[in-house]
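Step one of this worksheet: look at the structure below.
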Amino acid sequence: MRTQVAIIGAGPSGLLLSQILHKAGIDSVVLERKSLDYVLGRIRAGVLEQGLVDMLDAAGVGSRMHAEGHVHDGTELSFENKRHRIDFKALTGKSVMVYGQTEVTKDLVDARQGADAKLIYEAEDVALHDFDTDKPWVTYRKDGVEHRIDCDYIAGCDGYHGVSRASAPQSVLKTFERIYPFGWLGILSETPPVSDELIYARHERGFALCSMRSDVLSRYYVQVPLDDKVEAWSDERFWDELRLRIDEKAADTIVTGPSIEKSIAPLRSFVAEPMKFGRMFLVGDAAHIVPPTGAKGLNLAASDVHYLSQALIAFYSERDGGLIEAYSENALRRIWKAERFSWWMTGLMHTFPDAAPFEQRMQLAELDYVTSSTAGAAAMAENYVGLPY
Ligand code: RFL
Ligand code: PHB
């Protein structure tokens, strides 16, 4: 088989890239290791920046998001038993969209399948070849049969544990990493959200987040030690702990119910440089991870897709390879700023096991500053709604 762009991974970055290229008349094949059901069963991000909303609209997959998603003009920070609102709209003129990554993925799959796309699930042993030449190719096995795809470019959209970054020349690859000494225990429950907007709560017992997917579906998280096991957290224990960490007003009004999903995710900051190796590109989580505190992971994957799709479109329509050469540099400039914001918000809101009393007071002083100074609030709001592409 031959295609113009071979895409590894059918997460949001691979699917969005494939859909945008399709709209521009560029052919691609997407290879995914897991089944479609598995991919659609993952509960992940929930907050979309305006930039991603605009890309989904331009890709022709925004209609369900506008009908079912919720526009949020601000968020709340809770500490010392009080909530403080950060008004995104007033401070930046922008808002965010609350709409689950699972739904974005589903909308993209529907669009790709509707367009008869080459979307290959359960592709085993994907391998990347000769991307340091101008004739790269990819191999995989499906139902016991070996296949080969010849292409012009390979997009590695296969997440943190994928094969693309592992295939890059390790002598050229530089990585930067911070592992945090805690994780997030998250639950999904069929209950109405406790508030109209997200609540990010700092408490001596640890961070908590009240988020949502719809008027009848809530997503809550509590910070837990890295070695905690999901089995140790009954629903009752989860709700009791959450109530202790949020302000009393929220704790008194929260509606609890059985969880329909419960999992623990570790927190990590990670960047791989560069993001281009000859004719192979890294995109999204394959190149970088942020702790979820700033809601940036999915949005960063989308900005990579923006830079790469524009570069490929310029190449195929005008034979101009300038943006392709600049892809890594352009994407990384924005990535490092989102890494900084996610690291900053994580440091501001979490309890660190070895934090001295002085550092705890610094957190509170910074929260007081962010919630009482227009400049402090504007800096947070500008980053949360998303820096320009
Ligand atoms: P994905 O979504 O990991 O997709 C990669 C795909 O590649 C496949 N794959 C392979 N396919 C073929 N061959 C191989 N060898 C392969 N190896 C892997 C995988 O099966 C998968 O389908 O990466 P992508 O597309 O770059 O998208 C990134 C986002 O998924 C990620 O950044 C966010 O989900 C991160 N994230 C959050 N981001 C936000 O913006 N806001 C949030 O609120 C937020 N919450 C979260 C999150 C991530 C979480 N994780 C990872 C557990 C909450 C959680 C719990
Ligand atoms: C979520 O709803 O899953 C969510 C929202 C905001 C975050 C992280 C996760 O910062």
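The values are calculated or read from the model by the stated rules, or taken from the named source; none is laboratory data. Please read all numbers here as calculations on a predicted model, not as lab measurements. Heads up, the Cβs are rebuilt from the backbone with ideal geometry, glycines too, and the neighbour counts pull from every protein chain shown. The area values use the complete protein model at the heavy-atom level, side chains included, leaving out ligands, DNA and RNA. Shrake-Rupley method; radii C 1.70, N 1.55, O 1.52, S 1.80 Å.
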### Query
Is one or more of the residues making up segment 204-214 aliphatic (A, V, I, L, M) and surrounded by fewer than 20 Cβ atoms within 10 Å (Cβ to Cβ)?
no
### Message
Looking only at segment 93-108, count every residue that is surrounded by fewer than 20 Cβ atoms within 10 Å (Cβ to Cβ), of a type outside the set (D, E, K, R) and away from ligand 2 (no atom under 16 Å from the Cβ) and tell me the total.
### Response
1
### Message
Need the failing condition index for Ala378 against (1) touching a Pro at 6+ places or on another chain (Cβ under 8 Å); (2) closer than 19 Å to Glu49 by Cα, just the number.
### Response
(1)
### Message
Which numbered condition in (1) out of contact with any Pro (no Cβ under 9 Å at 6 or more places or on another chain); (2) touching a residue at least 60 places away in the same chain (Cβ under 8 Å); (3) surrounded by 15 or more Cβ atoms within 10 Å (Cβ to Cβ) is the only one that Gly62 fails?
### Response
(2)
### Message
What's the total number of residues in segment 67-87 that are touching a Lys or Arg at 6+ places or on another chain (Cβ under 6 Å) and either within 14 Å of ligand 2 (Cβ to nearest atom) or closer than 15 Å to Leu209 by Cβ (or both)?
### Response
3
### Query
Is one or more of the residues making up segment 272-291 out of contact with any Leu (no Cβ under 9 Å at 6 or more places or on another chain) and at positive phi?
yes
### Count of residues meeting criterion [near ligand 1 (Cβ under 7 Å from one of its atoms) and either in contact with a helix residue (DSSP H, G or I) (Cβ under 6 Å, 6 or more places away or on another chain) or open to solvent by less than 50 Å² (accessible area, probe 1.4 Å) (or both)] in segment 28-42
3
### Query
What number of residues within segment 271-284 are surrounded by fewer than 17 Cβ atoms within 10 Å (Cβ to Cβ) and hydrophobic (A, V, I, L, M, F, W, C)?
0
### Query
Right, Ile86: open to solvent by less than 10 Å² (accessible area, probe 1.4 Å) and either farther than 26 Å from Ala331 by Cβ or among the basic types (Lys, Arg) (or both) or not?
yes
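With segment 181-269 as the region, which strands (runs of 3 or more DSSP E) entirely inside it contain at least 1 residues that are in contact with a Pro (Cβ under 6 Å, 6 or more places away or on another chain) and within 12 Å of ligand 1 (Cβ to nearest atom)?
208-214
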#### Entry: Residue tally, condition open to solvent by 10 Å² or more (accessible area, probe 1.4 Å) and either away from ligand 2 (no atom under 16 Å from the Cβ) or in contact with a strand residue (DSSP E or B) (Cβ under 8 Å, 6 or more places away or on another chain) (or both), over segment 285-313
10
### Query
How do the pairs read when you match residues in segment 156-174 that are over 18 Å from Leu298 (Cβ atoms) with residues anywhere that are in a loop (DSSP other than H, G, I, E, B) and open to solvent by less than 50 Å² (accessible area, probe 1.4 Å), using Cβ under 6 Å and keeping only pairs 6 or more apart or on different chains?
Ser164/Asp158
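So that you can scan it fast, the table gives a plain yes or no per residue for (1) more than 30 Å from Gly60 (Cα to Cα); (2) touching an Asp or Glu at 6+ places or on another chain (Cβ under 9 Å):
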| site | (1), (2) |
| --- | --- |
| Gln113 | no, no |
| Ala123 | no, yes |
| Asp132 | yes, no |
| Arg141 | yes, yes |
| Val145 | yes, no |
| Ile149 | no, no |
| Ser164 | no, yes |
| Ala168 | yes, no |
### Message
Which of the numbered conditions does Ser171 fail, given that it passes all the others? Conditions: (1) in contact with a strand residue (DSSP E or B) (Cβ under 9 Å, 6 or more places away or on another chain); (2) under 30 Å from Leu128 (Cβ atoms).
### Response
(1)
### Query
Counting only residues that are more than 16 Å from Ala295 (Cα to Cα), touching a residue at least 60 places away in the same chain (Cβ under 8 Å) and either within 16 Å of ligand 1 (Cβ to nearest atom) or aliphatic (A, V, I, L, M) (or both), how many does segment 67-102 have?
1
